[in-house]
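K.L.:
Dropping a structure here in structure tokens format, bear with me for questions.
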Amino acid sequence: SMSGLPFLTGFICQKLVCQFRPRPCELILIDKQLVEEKKKQMKATDTAFLSTNDILMAAICQAIPNNKLCWHFRNERGRLPGVETSDGGCFISHLAAPTKYFQDPNNVRRVSDMGFYYPPKQTPIYPTYVGSYMVVSSWATAKGSRSLTPDGSNVHFHCPHPMFVRDLPFDVVIIFAVDDDHLGIIHNIYPSAMTPESRMFIDDIAVENRAG
């Protein structure tokens, strides 16, 4: 779990740092067709399939390699007894693994399928204490904001408010659905934490790199 003294301690320390170094906010527009091409290129022979989230998780972890630990959330709808895929509520679990391990989308898929990387109660606490971690949350399948459309109006795209990342003191990334052809990544990572080399994967699937 992400709760407890280590998370609270790291949160407070990073919040103090943010008083002197405000968090940025960057939006990256992702082309779904380029993601589909990456799935075909990167799927290992022993991997049944790669999801869009697997590809984006790996791209994010390659772009931000200095964090020791990466947390992401697994949707437990359809996995927990008596919980249907359409049920409302907070049916999620927190999955943590070394950021370098998640740089391969096949490893992201393995952890998502198993439901863990570290055995119970063996997730290292040091990265959380010192703030060397990031949290990735995927809203890519959330379509409620686009389906609840008043009569006579049209929703052309969707984007979370910057406050969802900018006002948090730790590294956080949100994956979301923009429209039928695009996904978005919004994050608060300091530019100094990324290099042109580390961003190559994520830049490959960004809209500005779409041929033509």
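K.L.:
Please count how many residues of region 64-99 are of a type outside the set (D, E, K, R), over 21 Å from Ile125 (Cα atoms), open to solvent by 30 Å² or more (accessible area, probe 1.4 Å) and assigned to a loop (DSSP other than H, G, I, E, B).
P.N.:
10
K.L.:
Next question. Restricting the first residue to region 179-198 and requiring it to be closer than 14 Å to Cys61 by Cα and among the acidic types (Asp, Glu), which pairs with a second residue that is outside any helix (DSSP H, G or I) and open to solvent by less than 30 Å² (accessible area, probe 1.4 Å) meet a Cβ separation below 9 Å and a spacing of at least six or different chains?
P.N.:
From region 179-198, no pairs qualify.
K.L.:
Let me ask something else. Tell me, yes or no, whether region 113-126 has at least one residue that is in contact (Cβ under 8 Å) with a residue 12 or more places away in the chain, crowded, with 18+ Cβ neighbours inside 10 Å and under 24 Å from Asp31 (Cα atoms).
P.N.:
Within region 113-126 (the criterion being in contact (Cβ under 8 Å) with a residue 12 or more places away in the chain, crowded, with 18+ Cβ neighbours inside 10 Å and under 24 Å from Asp31 (Cα atoms)), the answer is no, since none of the residues qualifies.
K.L.:
Taking region 59-97 as the search range and keeping residues that are among the charged types (D, E, K, R) and within 17 Å of Phe116 (Cβ to Cβ), which one is modelled with the highest pLDDT?
P.N.:
Arg74
K.L.:
Restricting attention to region 124-138, which residues are modelled with pLDDT of 80 or more and within 19 Å of the chain's Cα centre (by Cα)?
P.N.:
Pro127, Ser132, Tyr133, Met134, Val135, Val136, Ser137, Ser138
K.L.:
Here is a further query. Give me the residue from region 156-171 that is of a type in the set (A, V, I, L, M, F, W, C) and buried (at least 20 other Cβ atoms within 10 Å of the Cβ) and, out of that set, nearest to Arg21 (Cα to Cα).
P.N.:
Phe170
K.L.:
Still on this model: When both residues are 6+ apart or on different chains and their Cβ atoms are under 6 Å apart, which pairs have a first residue that lies in region 34-62 and is assigned to a loop (DSSP other than H, G, I, E, B), and a second that is polar (S, T, N, Q)?
P.N.:
Ala44/Asn106; Thr47/Asn106
K.L.:
Restricting to region 52-63, name every residue that is within 23 Å of Thr123 (Cβ to Cβ) and open to solvent by 10 Å² or more (accessible area, probe 1.4 Å).
P.N.:
Result: Asn53, Gln62.
The values are calculated or read from the model by the stated rules, or taken from the named source; none is laboratory data. If you're wondering where the values come from, they're calculated on a predicted model, not measured in any experiment. Cβ atoms come from the backbone with ideal geometry, glycine included; neighbour counts cover every protein chain shown. Each accessible area value is taken on the protein alone, full model and side chains, heavy atoms only, with ligands, DNA and RNA left out. Shrake-Rupley method; radii C 1.70, N 1.55, O 1.52, S 1.80 Å.
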